[in-house]
1. Enumerate the amide H contacts of Ile441 below 5 Å, restricted to partners 5 or more residues apart or on another chain; note that Pro and chain-start residues carry no placed amide H.
2. Can you give the relative contact order of the stretch 436-587 as a percent, counting alpha carbon pairs under 8 Å and 6+ residues apart?
3. Using the Karplus equation 6.51 cos²θ - 1.76 cosθ + 1.60 (θ = phi - 60°), what ³J(HN,Hα) coupling, rounded to whole Hz, does each residue of the stretch 246-261 give in order, writing x for Gly and Pro?
4. Arrange the peptides 349-355, 170-176 so that the one whose residues have, on average, the most other Cβ atoms within 10 Å appears first.
5. Put +1 on the Cβ of each Lys and Arg and -1 on the Cβ of each Asp and Glu in the stretch 229-429; which of Cys352, Leu408, Leu274 then has its Cα farthest toward the positive end of the dipole?
6. I'd like the accessible area for Trp512: 1.4 Å probe, protein heavy atoms, all chains in place, Å² to the nearest 10.
7. Show the residues, 5+ positions off or on another chain, whose built amide H is closer than 5 Å to the amide H of Lys555.
8. Taking Cα atoms of the chain, Rg/Rh with Kirkwood Rh, to two decimals?
Amino acid sequence: MEFSILADSFSKMESTRKRLELTQFLVELFEKTPHEVISKIVYLIQGKLRPDFEGVELGVAEKLAMRAISKSSGIPIKKIEDEYRKGGDLGHAASIILEQKTQTTFLVEDITIERVYETLFKIAKLEGVRSQDMKIKYISSLLNDASPLEASFILKILLGTLRLGIAENTVMDALAIAFSGNKENRKILEYAYNVSSDLGKVAETIAIKGIKEIEKFEIILFNPIRPMLADRVKSEDEAIEKMGDNFAAEYKLDGERVQIHIEGEKVELFSRSLEKISNYYPDIIENIPKIIQADNVILEAEAVAINENTGEFLPFQELMHRRRKYKIEKAVTQYPITVNFFDVLYYNGKSCLEVDYKNRRDRLEKIVKEDNFAKYIPMTIVKNKNEIEDFFENSINAGSEGLMLKMLDKPYKAGSRGSHWLKLKREYQNELGDSLDLVIIGGFFGKGRRTGSYGTLLLATYDEDYDTFTSICKVGTGFSDENLDQLYQILHPKVTIKKNPRINSEMEADVWFEPELVIEVVASEITISPIHKAAKDKIRKGAGLALRFPKFTGKIRMEKTSEDASTNEEVITLYKGQKKVAHDKNLI
Ligand code: ATP
C-alpha cells in the first residue's frame, strides 16, 4: 500500500479535533487498507511500531534527524535548524526544505507503508557504535524517495511528535464501523483490547477474521492485561455511601504495581503503564516461581521497598534506585523489597476476570505460598465506619498510604477506573484532599545552593480534549538535594531546542523539556489564574486554574506516562469540591 495514502489521511486528521470527523477519516482509511497491513497502520496512528509492552523504541534525536535531512537534501544543517526554529516542528521544516530540493531532483521510487514500517523497525533495533551512521543512512534513503508531505510524517513518527489526537476509543469505533458495520461492537473490541493491550492485533483480527473472532479473544500469557483502577474518595462516609456495608479493605501500599506472568521457569513483569520491567526485579524473577502452585498464572502485586531490620515499608522513591541498566544486582541487595500480592487474573489456562473479588482472593491465597519475600496484601472485611478507621490507622502505622476498598461480589474490570474499587488516602498536609501527578514541561536554573540544577520546575496537567499539556504551576519547594540531582540527571537529556507543540503555556521557562516526566505534588488550594492554561475557560472565561503553594512530595512517578498525569477534568472536580467545602463551612 502506498505511503502517500497514509500521509494524505494523516494530513486530514491533523486538521480536525472533532471526534466524529476523525472517526470518519479512519473508517475511510481502514476501508482502503489491505488486511495484512492494518496492524501496522494502527500502530503508526498511535505513533508506535509495536504495542508498548514489546519495548520497541524509535529513539531518534532531533540532531540526528537534522543530519539525515541534510544528507538527503544537500542543504546545510544550520539552514534546517533555522527553518525548524520558525515553526517548532521538524517534520514540517523538513517538508519545506525538501520542497526546495524536489524542484531539482525527481522521485526515484514510490514508497510503500511496508517499506517505511520495515525501515523504521530496523532503525529501532539498531544498537552499538555504528548505529548513528546507519540510522542516518536509513532515514535519508527514505527521505530521498519521499514527497515533502510523506517526509514530514516519516519524521514525525521517528521523532515521536506525530499528534493526531486520536484516542484508542476512536480507533475502536472506526474499526467496529469499518469491519462489522456497527459502532456498538466497540464494546466487544474494548474487551479484546483490555485483555491483550495490543490494538494492532485487535485490528488485524477483526479485519481478517471478523467480529466473531474478536468475541473469542482471550488473555494471552506474557501479553499484559490493562489494569483496573480505583476512584478516589475523601472519607469513610463517602466510601460507605458508594459501597454499602460489606466490602473488603486492603492496605494501599506505596510501591510499584507489577503484573507478574509465570509459566514454569518463564517469568515476565509489566508495569502499570504496561511496560516490561523484568530487568529491574531479578529478585522477583528468581524467587516467585518457586512459591507458586500453578502451571501458569498472572498475578498482581505491589513491590515495596522495606527496611530489612524492622520489616517496615519504605516510600516509593526507594524503588527508584532500581531504575538503572547496570549494577542492578547491587541495587537489589542495597534496597530490598517484598512482593505483596493482591489479585489473580489468570490461572491454569483460564481467565479469572469474571470471578468475583472474594473468590479471586481465596484463589490467590491458595496459589501463593507466603514467605519473607512474598506476602498477601493485608485485607479485612469491613462493615462500618469504625472498622474502616481502625484498619486505616493500622495501614498508616505500617508505612502505607491508606486503603483500597473493594466490592466483594464484583469482577475484575480490566482497563477501567470505576467505583468497584475506591482509594482512601492519607491527606498529608494537603488541603486539596489528594495529590496531583503533573508533567514537567519547563525548568528555571537554580541559584545559590541550587546552581547547576533546575531550582524551579514548570508543571502541567494533561488536557484530554486537545491531547496537550497545560501549565498549572511553578514548583520550587519540597526538593531535597538528592531530588534535585536526580531530576537534573533525568531532565537534562529531555531539553528541547523549541517548546514541544503539545505544551500549552504562556509562562516562559529557561529551558523546555519533552513533556514526559511525571511528579507528584500537593497544594493548599486551586485558584483562578490569568496566566496558567489548565482548564482554560472552563470555570471562568479567559482564565485557567493554578495551584497555590504547590510542593513536591518527593515522588517521581516513573511508572506513569505523561498521558496518565492528572487531567483538567480531575482538577475541575477538585476545584468544585473545594468550593463545596468552603461553602459548607460558611467561608463563602
Ligand atoms: P495513585 O496516584 O493513587 O497511585 P494511580 O492512578 O496510580 O493512583 P489508582 O488505581 O488510582 O492508580 O490507585 C491504585 C494504585 O495503588 C495501583 O496502581 C497500585 O499501584 C497501588 N496499590 C497499592 N495497594 C494496592 C492494593 N491493595 N490494591 C490495588 N492497588 C494497590
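The values are calculated or read from the model by the stated rules, or taken from the named source; none is laboratory data. All values derive from a computational prediction rather than experimental measurement. Glycine gets a Cβ as well: all are built from the backbone with ideal geometry, and neighbour counts include every protein chain shown. SASA here: full protein model, heavy atoms, side chains in, ligands and nucleic acids out. Shrake-Rupley method; radii C 1.70, N 1.55, O 1.52, S 1.80 Å.
1. Leu458, Leu459, Ala460
2. Relative contact order comes out at 27 percent.
3. Coupling constants for the stretch 246-261: 7, 8, 8, 10, 10, 4, 9, 6, 9, x, 10, 6, 10, 9, 10, 9 Hz.
4. 170-176, 349-355
5. The Cα lying farthest towards the positive end belongs to Leu274.
6. Approximately 30 Å² for this residue.
7. Long-range HN contacts for Lys555: Glu520.
8. Numbers: Rg = 25.0 Å, Rh = 25.9 Å.
Result: Rg/Rh = 0.97.
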